[in-house]
Each structure stands twice: as C-alpha cells, then as structure tokens.
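Enquirer: Just passing along the structure, written as structure tokens.
Readers should treat all values here as calculations from the given coordinates under stated rules, not as data from a laboratory. Everything numeric in this text was worked out from a predicted model, so none of it was measured. Glycine also receives a Cβ, built like all others from the backbone with ideal geometry; neighbour counts cover every protein chain displayed.
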Amino acid sequence: MSQAPPAAGQLNDLPDHSPRVRGAVSELRRRAEAEPGQRWPQPLSDAFLVRFLRARDFHLELAWRLLKNYQKWRIECPEISGDLQPSSVLGLLQAGYHGVLRSRDPHGSKVLIYRIGQWDPSLFTAYDVFRVSLITSELIVKEIETQRNGVKAIFDLQGWRFSHAFQISPAVAKKIAAVLTDSFPLKVRGIHLINEPLFFHPVFALIKPFLTEKIKQRVYMHGNNYLQSLTEHFPVSILPQEYGGEEVSIEELAKEWTDFIMASSDYLRSISLECHFDEYQRFGRSYIAASYVKFVESAGARAVPIRLNLTDEEYDKIFHSINGILLPGGGVDLRTSEYSRVAKIFYHKALENFTNNEKLRNFYKVLTTNTDDELEFISTMEAYKYPIYGMQWHPEKNPFEWKNSPGIPHSPSAVRAAYYMADFFVNEARKSMHHFSSEEEETKELIYNYNPVYTGTFSAFQQTYFFD
C-alpha cells in the first residue's frame, strides 16, 4: 500500500537538510540558473530559495512563479527597492512609525505594527513608507519560523488625513497589492485595521481589486472600539499597552525595532538594488536612459549629459551653455541623492532670485488630469511665472521604449502625443540665448561622446548611457 504524500504543513515543518526539501531547492535552483539573461538579486543559496518554497507550501510551480515575480517586482520598482539602507527612512523610523512585537501570536506568526499618525506626508512619500515595510520583510523572512507561519500586520490609522490619501496613487496601490499577493516570499496571515476613518475606505477600495480573495478574507476592520475585537485575534500578553495589552509601550517596541534595523545595515546594503539593479553597477555609477536623449533629438535638439560628479563652477558653466534641462523621473531619494543635489543646483539657477517659495500650490497650475482605475490624478502642470513644466507620465516611452506593458502604448496617437511634447519642450528651450563659448566646447560636452548600452534584457530601458 503506497504512502500518501505529506501535507503542505508537514512539508513546511521538515528541516532544511531533509531529502524532500533539498530536492525541491535543487529543482528551483536549476530553473533559476537556466533562466536566460537573468541575474538574481541574491545568491541562489539553499536558505534563499527555500523561502519561496515555504511561502507556497512546497508547490514547485507556485514557488517558481513567486521567485520570478520577486525579481521582476524589485527591478520594476527601483523607487522602493533601489535603496534599502535604513538611513533612507531613518526619520520615519525615529518617529515611531513602525514596530514589531516581541512575541509571536499563538499561530507562530510575526506581528508588525504601523502607526499612520507618525507618518508626515510632507516629509516622507508613500514609497518611503513602503520601503520601511520592505526592509522589515527582508529581515524577518530570514527567520525559519516566519517563513513557516507568516506575518500579521496591525495598521493604526489614527491621524489618517487627506494628505496621506493623496500619496496613494493607482501605481502605488498596484505595487502594494503585488507585494501582498504574489511578489514576496512571506505568507500574509492577517491585516488588521484600527481607528480607520470613513475617508480611508476609498483608498482601500483602490487597493482591494488587486488583492486575491484569500487576502481579502484576511483583512479585518476593527474601527475605533477595537479593544475587544483585537484581542480575539491577539492575546493581551503580546500586545503593547496602548492597544489594551500587557507588553511595553509601542514607543519602546518601535525603538527596539529601529535599533535592530540600524544594526542590520550591512545586510540591507548587500541586497539593495543600487542604480536600479546589480547589472548596472558594472557599467557605471550613474546613468541616463537613452529614450530621453532620443526624445529631445526627435524635436531637433542635441543632448548634453549633466553628470553628478562635477564642481559648482562646472555646473554654472554648463547652465549658461544649454538652452533647457529635462529632469527625468526615477527611483532616487529626492532629499539625499546626488541626483537631487545636482537637480536642485539647476533648479535654483533657473529661478535665480525666486528661491524663497518652492511650494507647488503657489508655483504650479494644473493643465491636465487623468484617471487610473477611477482615481483622478494630476498629469501635466506648468509654473505660473517660469518656463518650468511637469508631467506625471513618460512621453519618451511611447516611441522609444519597448517593454511589454499596457502602460506604454505605441499607437499612432500615443507616438504623436510624445512628439508634440518634445516639440513643445525644445521650442521653449529655443527661446534661451545660452550657448557654448565655442564649437569645440560644445562638442566636448555632447552625449555622443558616450556609447549607449543595450539593457533591454534586464531593465525597463532598451538602451542606457552610463557615467562614472
């Protein structure tokens, strides 16, 4: 009589050295190593691969899909995954936004707490907040018990304001849902919301369609009178005092976890995808997607790269030699990165004496809005006084980037719209009388002194220029 195969729970309980676990890990590694043109964010060690198997109860096909989604998500979301250094979100951590309970719940799940009231949206973006969660996830996923029993999260929404809601764009909502469903090797056992105001519900409605039915069933809304219902899921012995528990205060728990995160800086640095991802690091320290160069060239302009390692005198010389500047978007910290430092130099030079008021509501007027999943957002705006324009979309991608994405249409109308924006930008730049002192000086600074690299096999850009 044949023996029945072990249940998922039994497989999850097997030690790493068991033949079944080792066999599954070997097969997952074989598939990963056979993937053409793929470089993985971490070494394909047994400890790394078994996370994906445990997250999918040793269902090999599901684990393989999860591993690929994990890699894909990190590459496509550099604004979150590009810098996992705690210093990038230190202020948010020190504000007591996030803590982890000392003890697991009776099912062995790790319990995380997030306090929205400690998030100042004027200082930290939704991506910063998301990065805090990713940092914690990358640390606790190393724990075998967490791999087996998953996580539960308590979101305290006291202090939730419209300024928080405005941070949750459709794009952010999709990325949150991706991690919750099938892009990170952790089992989400429960999401508990407390103190949620009525105007939080539209934001949750934005995220909900992207969630699986299983995750939807694990979301609990406790409201303001949460003490009794919350203790039906978590024993008072593990909850902090503020939530009717017997543990230390949430402030102390948040400080403990912040200290742990800071002590893990070296590990987090090792898995950060700086310059988008590891493949880029072998080409240079900074980069410009070639599609931006082609964008301005399509309207009759030539491009000069503004590198990040020049002196203030060199930046001043370039500023008085060029006719306009295009600041691309990207996954960099807008407060601390070299990109933001250099961009601000040119921003202030362009405004000259108008440096005392940079607030958008006084500076910009809205030109167009769009909707994404029934949520309206500002798509184009211009300054009232200065020739400065902003777009919450990428016109250069329609004609020049060929990643398979519904967000990058290549229809005739989409391409015409891109060329219209290029023509408008270059025509505005033509109004400037700046010029290089000589043809020799101009030739020395042109982008043509650099060779683009084909990066379409491992990034969102078909071609990229790299700089030391």
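Enquirer: I'd like to know how region 46-183 sits against the 2.2 N^0.38 Å rule of thumb: what's its Cα Rg over that expected value?
Expert: 1.08
Enquirer: When the Karplus curve 6.51 cos²θ - 1.76 cosθ + 1.60 is applied with θ = phi - 60°, which whole-Hz ³J(HN,Hα) does each residue of region 208-224 get, with x for Gly and Pro?
Expert: 3, x, 8, 8, 6, 4, 4, 5, 4, 6, 9, 9, 10, 10, 9, x, 7
Enquirer: Quick one: length gained pulling residue 224 to residue 446 fully straight, 0.36 nm per residue minus the C-alpha distance?
Expert: Between residue 224 and residue 446, full extension yields 73.9 nm more.
Enquirer: Counting alpha carbon pairs within less than 8 Å and at least 6 residues apart, what relative contact order, in whole percent, applies to the chain?
Expert: Reported as a whole number, the value is 16 percent.
Enquirer: I would also like to ask the following. Starting from the 7 Å offset along Cα-to-Cβ, what nm value, one decimal, do you get for the label separation of residue 468 and residue 403?
Expert: A separation of 2.9 nm, rounded to one decimal place.
Enquirer: Also: How long are the semi-axes of the equivalent ellipsoid of the chain, defined as square roots of 5 times the Cα gyration tensor eigenvalues? Whole Å, largest first.
Expert: Numbers: eigenvalues 375, 153, 83 Å².
Working from the Cα gyration tensor, I get semi-axes of 43, 28, 20 Å.
Enquirer: Step through the residues of region 18-34 one at a time and calculate ³J(HN,Hα) from phi using the Karplus curve (6.51 cos²θ - 1.76 cosθ + 1.60, θ = phi - 60°), rounding each to whole Hz and writing x for Gly and Pro.
Expert: Computed from phi, the couplings for region 18-34 are 5, x, 5, 5, 4, x, 5, 5, 4, 5, 5, 5, 4, 5, 5, 5, 7 Hz.
Enquirer: Given H placed 1.01 Å from N in the peptide plane, which residues other than close sequence neighbours of residue 392 have an amide H under 5 Å from its amide H?
Expert: Hits under the 5 Å cutoff: 380.
Enquirer: Measuring from label point to label point, each 7 Å out along Cα→Cβ, what is the residue 35 to residue 255 span in nm?
Expert: With each label point 7 Å from Cα toward Cβ, the separation is 4.2 nm.
Enquirer: Rounded to the nearest 500 deg cm²/dmol, what is the calculated helix-only ellipticity per residue at 222 nm for the chain, with -39500 (n - 2.57) per DSSP H run of length n ≥ 4?
Expert: For the chain, the value works out to -12000 deg cm²/dmol.
Enquirer: Could you order peptides 386-399, 49-62 by the average number of other Cβ atoms within 10 Å of their residues, highest first?
Expert: The packing order, highest mean first, is 49-62, 386-399.
Enquirer: Would you mind ranking 98, 17, 320 so that the residue whose beta carbon has the fewest other beta carbons within 10 Å leads the list? Show your work: numbers first, answer last.
Expert: Numbers: 98 26, 17 8, 320 14.
Ranked by crowding around the Cβ, least crowded first: 17, 320, 98.
Enquirer: At each listed q (0.11, 0.14, 0.17 Å⁻¹), what is the log10 of I(q)/I(0) that the Debye formula gives for region 152-288 modelled as equal alpha-carbon point scatterers?
Expert: Each listed q corresponds, in turn, to -0.58, -0.90, -1.18.
Enquirer: Could you tally the net charge around residue 105, taking each other residue with its Cβ under 9 Å from the Cβ of residue 105, Lys/Arg +1 and Asp/Glu -1?
Expert: Spelling it out: positives minus negatives among the neighbours equals +4.
Enquirer: Please compute one quarter of the surface area of the Cα convex hull for region 8-74 and express it in square nanometres.
Expert: If I average the Cα hull's projected area over directions, I get 4.1 nm².
Enquirer: Exceeding 26 Å between C-alpha atoms, which entries from my cross-link table qualify? They are 68/142; 152/175; 385/444; 110/175; 208/397.
Expert: From 68/142; 152/175; 385/444; 110/175; 208/397, over 26 Å: 385/444; 208/397.
Enquirer: If one takes the longest principal axis of the Cα atoms in the chain, at what angle in degrees, from 0 to 90 and to the nearest 10, does the Cα axis of helix 250-263 lie?
Expert: So the inclination is approximately 60 degrees.
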